[in-house]
1. Angle, helix A:137-150 long axis vs. longest principal axis of chain A, Cα atoms, 0 to 90°, nearest 10?
2. Which FRET efficiency value, to the nearest 0.05, is calculated for residue B:477 and residue B:443 with the Förster distance at 41 angstrom and r the Cβ-Cβ distance?
3. Which order results if A:197, B:423 are arranged by neighbouring Cβ count within 10 Å, fewest first?
4. Does chain B come out rounded, prolate or oblate, given a ≥ b ≥ c as the square roots of the eigenvalues of its C-alpha gyration tensor, rounded meaning a/c under 1.5 and, failing that, prolate meaning a/b above b/c?
5. Within the set of other residues whose C-beta is less than 12 Å from the C-beta of residue A:166, count the net charge using Lys and Arg as +1 and Asp and Glu as -1.
6. For residue B:165, go through the lysines and keep the ones whose alpha-carbon is under 18 Å away, minus same-chain ones fewer than eight residues off.
7. What's the local net charge at residue B:152, with K and R +1, D and E -1, over the other residues with C-beta under 15 Å away?
8. Quickly estimate the mean residue ellipticity at 222 nm for the protein assembly as shown, helices only: each DSSP H run with n ≥ 4 gives -39500 (n - 2.57), and the total goes over all residues, rounded to 500.
Amino acid sequence: MSALPRASERGLVGCHVCGLACSDVPFRRDPEARVACPRCGSALHRRKPGSYGRTWALLIAAFIMYIPANVVPIMRTASLNDIDDNTILSGVVELWVKGSPDLAVIVFIASIVVPMLKFFTLGTLLVTSQRRSGWALPQRARLYRLIEFIGYWSMLDVFVVSLLTALVRFNVLSRVEPLPGVIFFGLTVVLTMLASMSFDPRLIWDGRDTDD
Amino acid sequence: MTDDNTPREDGPEHDELPQPVVRRHRFNNALIWLVPALAALIGVSLVVNSWLQAGPQITVSFQSAEGLDAGKTPVKYKNVVIGRAKKIRLSPDRSHVLVTVALERSAKGFATKGSRFWVVRPRIGLGGVSGIGTLFSGAYIGADVGDSSKPEDDFVGLETPPAVKHGAPGRSFELHTDDLGSLDIGSPVYYRHIQVGRVVSYKLDKDGEGVSLHIFVDGPNDKFVTPASRFWNASGVDLSLGANGLKLDTQSLATVIAGGVAFQDPKGPHDNTPAPEDTNYRLFNSREDAMAPPDGPPRYIRMRFEQSVRGLAVGAPVEFLGINLGKVVSVRLDYNEKTGRFPVLVGAVVYPQRLGKAYQQLEAQAKARGENPDLSQLMARLVAHGLRAQARTGNLLTGQLYVAMDFVPHASKVPFDPDAKPMSIPTVPGSFDKLQEQVAEIVTKLDKIPFDSIGKNLDLTLASLNGAIRQVNGKTLPQLSQTMHGVQMTMGRASEALSGDSPLQQNLGVTLQELQRAARSLRVFVDYLDAHPSALLRGRRADAKPSPPPLAVPVKPAGQPSQGSRP
């Protein structure tokens, strides 16, 4: 038994919005019961309902979307005598070759490293939590906070494309057009963010048997 | 789901806690799996779509990949993108480049036999500029589809765009000529100075004896090509100086540089139906050649000129009474051992048909007489009547000669063998040659005049004349002036002597009075003698005054002075 008590062990469930502590009797009768806070009316749950299922589903969807996001070109740069379709990776390579390695690194991190990091981290968290692993609990919690924070930054590529599309409109001379890839990429980012939101970090600690 | 490890009975605290509101059953959590399912669906649809879109892959070989860009260069047909160059690599023997083209599915028909591919680049030729658009858009691969539906995925790319696209309205024809001249693929074809087509291809004949050209005449103008049409090479400038003045004939400035073909139907009645596809025509060198009536079979004749034929070039005309009958094809020297001279053998090709009606009549007459109507027989008759070939000067400025066949009056009879091959036409020296000979004779005669001695003599004569004049000046003239002086004095004396108060004058007056008196006396005497002839014998009567003595004495002195005073 754990040294420190959990809310469920005390028969309590807290409202996330108004902080009212309620009895967890309905959950004890039906763990999947849909219960509302008697004071503010927002939904009450001990853990986010269906957290594993939702997170897995969204993560898998995000991963599926990530494939076309990398294969399909995201941006077309049309200049006077040249039409150039770039995927994320080819754009990074082009930036590097054409003498902006710093930009290339930024785009690479935002568009490749961060999404991959999210897949890997969320996947690890899900697997370890489902297995009720007690391994490196504080680090895993920190990891979760990290991916929640950096999640927004992977929208960088989408912003770049939309900004360029809006700004570079010199008809014949130079033109930037978004291509379907950017939609897939945006979907990936949104889905990973939703996935990380639907994951309940408390699940990390649920498998823990000892506090030490 | 997680905290069932410690099931506990309701504790005393629970009663103090507010009870949450239980609502209806929550929605099924499993619905969230629709999201990855949807994502998977989208992914699969993308794959399926791209698989469905993917058309055949073909390989096109080009001499150079200039302007081509793997992954970017589009393949266009009628300016619609039907594919893209995927990969560019060298052929194993590095002689050309292989471009792998991914065609779109809709363009599957282009992966068939007969399709043609070429690179559209900016081209600046003599005939114009093309592909300017590619300066900005970059080169692209043009495509044209054939008729066949037989699949094919290896193509040899054309180096120049084809002149005719498949399915273009119009017809192609074949022209034959001796040499290509300045024609090229794409050279225009003109009908009445309007461009109606172009040269599509050319190739040497198998035997290397000529060139065959394919031309394409665009519809609807292809109907103007009839079986009777004549084609000629309209390249360059045709400058002719005729009785009407200087005439410059060109099709268009472009043809002057780039060459071109023109065609037209001959005047007069002819077949007006459009010619069938791929009809063969002869390509003439000029409009005159093309429009001339057909020449008929050529005949080779030979002429032997004893004098120089400087100015007689191969190609010079052979004229019969001023009608162009053919042209000189060879000029060669021969050696005559007997005379030790070098006669010139001139070979010529003549077209008897060019004589037109005359030739037909001659033929008919010969047939009527039951003779062989061959040209040699006809020629034998004509030679017997004095037909001779002559090298005449066609142009006094350049000294160009032509061969004229004319009837020479009082031509000495020459043997003519009608069966000789080649036919040999007797010659006479040309009019200019005769003139030359005469001039030469005159010159030799002039040469014989001893201009040297004449000059010397003349010189001597002039020298002595010079001495004589000097003598006259130095001696004779002073004497002359003295003489003149004497003459002047004499004249002065003479005028003195003749003046009114001079003694001579007075004497003369007295003398004349005396003479007058004497004459009166003589008249009286004659009157008396008339009245008294006897007085001559008897003397004067007494009643009359005494008569002067006989005549002899008084007359004599009167006669002398009268004579002296007369001048």
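All of the numbers you see were taken from the coordinates with simple rules; none came from a lab. Everything numeric here is computed off the predicted structure, so don't read it as measured data. Note that we place each Cβ from the backbone using ideal geometry, even for glycine, and neighbour counts take in every protein chain shown.
1. Between the helix axis and the principal axis of chain A, the angle is about 40 degrees.
2. On the way: r = 48 Å, r/R0 = 1.16.
With R0 = 41 Å, the Cβ-Cβ based efficiency is 0.30.
3. Values: A:197 14, B:423 21.
Going from sparsest to densest Cβ surroundings: A:197, B:423.
4. Note, shape of chain B comes out prolate.
5. Values: positive: A:169, A:175; negative: A:177.
Charge balance in the 12 Å sphere: +1.
6. B:76, B:78, B:113
7. Details: positive: B:108, B:113, B:116, B:150; negative: B:144, B:147, B:153, B:154.
Here the count lands on 0.
8. Helix contribution divided over all residues of the protein assembly as shown: -11500 deg cm²/dmol.
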